Structures are given as structure tokens and as C-alpha cells.
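Trainee: This is the structure I have questions about; it appears just below.
None of the figures in this text is laboratory data; all of them are computed from the coordinates on show. Values in this document were obtained by computation on a predicted structure and should not be read as measured data. Cβ placement follows ideal geometry from the backbone for every residue including glycine, while neighbour counts extend to all protein chains displayed.
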Amino acid sequence: MVKPVLAPMPMTLEVEPPGEAKMAAVIREETKKEVPEGETAEEKAEREKDEMLHRGWSKVMSDPSLHPAARRVVGEYRDIFCDEIPKLPPRWSVKFAIDLEPEHPPPTRPPYRLSFGELDEMRRQLDDLLAKGSIRPSVSPFAAPAFFVVKKDESLRMCIDYRAINKITIKDKYTMPRPEELLDRLHGAKIFSVLDMRQFFYQLRIRLGDEPKTAMYT
């Protein structure tokens with residue numbers, strides 16, 4: 001089985017300091033970090049990205065169950081297989097927009113009660129997202145509560161309950177394909193594949209100005 005891939009359209013979240021309650025999703029800005037003498041910030045970021053991608057690629061290629069044909073594909077596109085999202089790409093023409101119905105106040109919901117273990121895990125994940133530049137403090141009037149779900153490997157995935165804002169979001173209109181047409185196109189097919197996007201929620205660029213709408217309580 002091929003491991004999760006990295007999509008080219010990232011998004012990020014913001015976090016507030018301890019003692020503050022809200023966070024909002026935003027696109028990462030340039031951050032200043034310590035750079036070894038003789039190495040620029042851009043060179044350091046590129047080097048760390050290459051090292052991370054190499055670790056993820058090596059892990060995929062070492063899987064004995066990987067089909068030879070899939071192994072060739074992984075080798076050709078090694079830059080998209082990694083264990084972590086290394087950094088956000090430039091802004092693309094396609095953006096994640098959040099258009100709201102007019103005359104609705106910003107929805108806010110109180111935070112959910114979490115266990116001590118979940119609180120520790122939330123702090124760990126928030127610190128990790130802060131270190132990556134994926135989140136930043138926010139004073140947005142919007143607020144959605146965060147909670148956890150248990151994954152198959154028994155690790156905790158942090159989720160945000162956006163049901164309140166979803167109720168006042170203007171839905172995009174898409175034409176649904178006809179089932180008969182889909183079945184006709186699949187006739188005779190023998191090989192089917194699935195791609196799992198790693199942390200895809202953090203790989204979507206939010207339209208500038210819409211970031212405060214994704215604020216959350218922690």
C-alpha cells in the first residue's frame with residue numbers, strides 16, 4: 001500500500017498564548033529563526049525540507065509489501081511522500097473561501113470538557129502547530145470548540161466542531177454525476193487506487209480575510 005501523499009495546497013491554523021481561549025486558522029507568515037553561521041534562512045528551510053522528505057521516502061520504499069510498479073511511481077515522485085508536512089507552498093489561484101449568509105452574528109460555542117490526558121495532548125499538538133507556523137493567536141469574534149477522536153492506531157486526532165458556522169455558510173453548487181455514467185466509465189476496470197492526504201485540513205489555503213471565521217476555543 002502506498003503511504004499518504006502531500007497535496008500542493010496547504011492551509012494553517014493560529015493559536016493563542018496560554019490563558020487565552022480562542023484560536024483562528026490563518027496562512028503562515030514568515031518567521032525568524034536562528035540560522036547557523038554561513039547558512040541563510042532559506043537554505044536552512046530547504047535543507048530541513050529535503051531531510052524530512054528523504055526520511056518519508058525511505059520509509060515508503062522500505063515497505064516489503066509495496067508493489068514493484070508502485071515502487072517506481074514512489075521513486076519518480078519522491079518529493080510528495082513524507083511523514084510530516086514540511087512547509088506551506090505559495091498561494092495558488094484556487095483558495096478555500098468561506099462566504100456567510102448576511103445579517104448573522106458570528107457564531108460562538110463554549111469549549112467542550114476534556115480529560116487531563118486530552119488537555120495534555122491538545123497542548124502538545126498546539127505547540128507542534130505553533131512551532132511549524134501553522135497556527136497563531138487570534139482575537140476573532142468567531143469561536144468553535146475543539147475535541148478529540150481516537151484513530152485506528154489509538155492516537156488522538158484533534159478536530160474542530162464547525163457545525164454552527166456551517167449552518168450560515170453559503171454552500172457551493174456542484175453538479176452531481178449520474179451513477180449510471182460513473183458505472184459505464186468503470187466498466188472493465190481492474191485496478192483501483194486510493195490516496196490518503198496527510199493532514200489535508202492543514203493543506204488548504206484559506207482566502208485572505210476568511211481566516212478569523214475558523215477561530216476555535218482550546
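Trainee: On a full-extension model of 0.36 nm per residue, what is the gain between LEU156 and TYR174, subtracting their alpha-carbon distance, rounded to one decimal in nm?
Mentor: The span from LEU156 to TYR174 would gain 3.2 nm if fully extended.
Trainee: With a cut-off of at most 14 other beta carbons within 10 Å, and DSSP calling the residue loop, which chymotrypsin sites (Phe, Trp or Tyr not before Pro) in the stretch 120-218 qualify? Please list them.
Mentor: Filter output for the stretch 120-218: TYR174, PHE192.
Trainee: Please work out the Cα convex hull volume for the stretch 72-218 and give it in Å³ per residue.
Mentor: Convex hull of Cα atoms, per residue: 196 Å³.
Trainee: Now for a different question. Given a Förster distance of 22 Å, report the FRET efficiency between SER193 and GLU76 from their Cβ-Cβ distance, rounded to the nearest 0.05.
Mentor: About 0.90, to the nearest 0.05.
Trainee: May I ask what percent, to the nearest 5, of DSSP beta bridges between residues of the stretch 84-211 are antiparallel?
Mentor: Numbers: 6 of 8 bridges.
If I count the DSSP bridges inside the stretch 84-211, around 75 percent turn out antiparallel.
Trainee: Additional query: So for the stretch 127-218, taking the charge dipole from beta-carbon charges (+1 Lys/Arg, -1 Asp/Glu), which of LEU208, GLY133, VAL194 sits furthest toward the positive end?
Mentor: Going by the charge dipole, the pick is LEU208.
Trainee: Sticking with this one: From the P(r) of the stretch 166-218, can you give the percent of Cα pairs sitting at distances over 19 Å?
Mentor: 62
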